[in-house]
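Asker: A single structure is presented below for examination.
What follows is calculated from the coordinates using simple rules that are stated; it is not laboratory data. Just so we're clear, the structure is a prediction, and the values are computed from it rather than from any experiment. A quick note on method: Cβ atoms are made from the backbone with ideal geometry, for glycine too, and the neighbour counts reach across all protein chains shown.
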Amino acid sequence: MGKYLNRLFELVDPSTLGQPYFFFQACYPSVCSIYRTDAVTSMTPLHDMATGILSHAQPRQTADGSINHADPGVKMHSLCRFVSKDDLIRIIELAARLATRCETNDAIYAALGNILPFQNFIACRVRRSAPSHGLKHVFNLGYPKEWLASYNKLGYHRIDPVVTTSTEGLVRWDQIFKSVTPDQNYLIKKAAEYGLMEGFSVRHHDSEELRVTSFAGKAISTHPRHAAVIELVSPYLQFASESLDPIDCDLINLSDRERDVLHWVAAGKTNWEIACILRISERTVKFHLGNVMTKLNCNTRSQAVAKAFNCGILKL
């Protein structure tokens with residue numbers, strides 16, 4: 001049991017966002033079959049698991065008596081000051097349910113609501129260099145779709161304080177909103193129109209992309225316990241988002257000309273033929289088709305057509 005707990009501490013730490021398989025194995029043996037492993041042969045009651053986490057979540061001293069702040073136990077020790085055993089049980093249950101990938105969004109929303117007093121949640125990747133449509137793998141629970149569509153289309157990720165801040169890990173919105181540019185202040189006011197005024201985000205860089213998990217709601221920013229729970233549960237919600245399609249159909253926004261070009265691509269026309277039909281240059285056709293490929297996250301014409309039909313952009 002000890003070796004499972006040691007590994008569990010590392011995976012609960014949001015800074016080690018890799019593959020939290022072992023965490024799920026330590027929670028439910030039934031989940032192990034999903035990942036083709038028999039590492040756990042007997043089920044550990046959740047009560048005992050939570051007790052073990054709390055009792056082992058202590059910072060370990062080095063040989064000279066100092067505290068190793070890189071030790072995951074240090075992180076767990078600070079978080080567990082605010083988190084109860086019941087909280088941990090609910091987090092373990094939620095993590096295991098997310099691992100099965102068979103829960104509805106409504107069920108996950110309800111389970112999260114039993115842990116945190118939030119109103120809106122989103123987990124996604126952000127392509128920081130993209131001029132627009134920078135959101136990928138969007139796992140949305142309650143964020144207004146109209147706001148997300150505008151955010152994606154207008155490239156608000158380029159000025160969003162949650163994205164542009166240099167702070168890693170947990171960030172509290174009211175803290176990073178204290179010093180913003182005029183453009184960022186405009187974005188904050190637009191988000192407030194959709195009720196997105198207070199909350200927390202957990203952010204981690206991954207190569208050229210950013211992993212972001214955000215919880216919005218007035219009540220969520222009022223107690224240290226909520227921040228601790230967010231840090232514990234965010235890696236598993238982010239893990240769940242990674243299994244989703246990179247592009248959310250609700251967030252795709254093609255211009256009229258891009259739709260025209262895509263329509264004729266679906267009809268089997270070449271770029272030259274499309275240029276003649278639409279009375280534009282072949283270079284312009286290539287430009288619009290390139291935008292379509294980017295927005296649909298596709299590499300070939302056939303992929304773009306298939307994705308467009310799947311999302312309802314093109315109809316038979």
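Asker: Want the number for Asn299 to Ser255: 0.36 nm per residue separation, take away the alpha-carbon distance, what's left?
Answerer: 13.9 nm
Asker: If you don't mind, there's one more thing I want to ask. Sort 171-177, 236-242 for me by packing, meaning the mean count of neighbouring Cβ atoms within 10 Å per residue, highest on top.
Answerer: Output ranking for 171-177, 236-242: 236-242, 171-177.
Asker: Taking the Cα-to-Cβ direction at Thr167 and at Thr270 and moving 7 Å from each Cα, how far apart do the two end points lie in nm?
Answerer: 5.7
Asker: State the antiparallel share, in %, of DSSP beta bridges confined to the stretch 120-249, rounding to the nearest 5.
Answerer: So the antiparallel bridges in the stretch 120-249 amount to around 95 percent.
Asker: Before anything else, pin down the relative contact order of the stretch 120-249: Cα pairs under 8 Å, at least 6 apart, normalised by residue count, whole percent.
Answerer: Relative contact order of the stretch 120-249: 33 percent.
Asker: So which of Lys145/Lys178; Lys85/Lys145; Lys136/Lys189; Lys85/Lys218 end up more than 31 Å apart by C-alpha?
Answerer: Correct reply: Lys85/Lys145.
Asker: From the square roots a ≥ b ≥ c of the eigenvalues of the alpha-carbon gyration tensor of the stretch 268-316, which class results: rounded (a/c under 1.5), prolate (a/b over b/c), or oblate?
Answerer: Note, shape of the stretch 268-316 comes out prolate.
Asker: In what sequence do Arg283, Arg211 fall when counting other Cβ within 10 Å, fewest first?
Answerer: Arg283, Arg211
Asker: Given a Förster distance of 30 angstrom, what is the FRET efficiency for Ala192 paired with Phe287, based on the Cβ-Cβ distance and rounded to 0.05?
Answerer: My answer for the efficiency is 0.25.
Asker: Return Glu168, Glu198 ranked ascending by Cβ neighbour count within 10 Å, so the fewest neighbours appear first.
Answerer: Fewest to most other Cβ atoms nearby, the residues stand as Glu168, Glu198.
Asker: Further question on the same structure: Compute the FRET efficiency between Ala306 and Ser150 as 1/(1 + (r/R0)^6), taking r as their Cβ-Cβ distance and R0 = 22 Å, and round to the nearest 0.05.
Answerer: Between Ala306 and Ser150 the formula returns 0.25.
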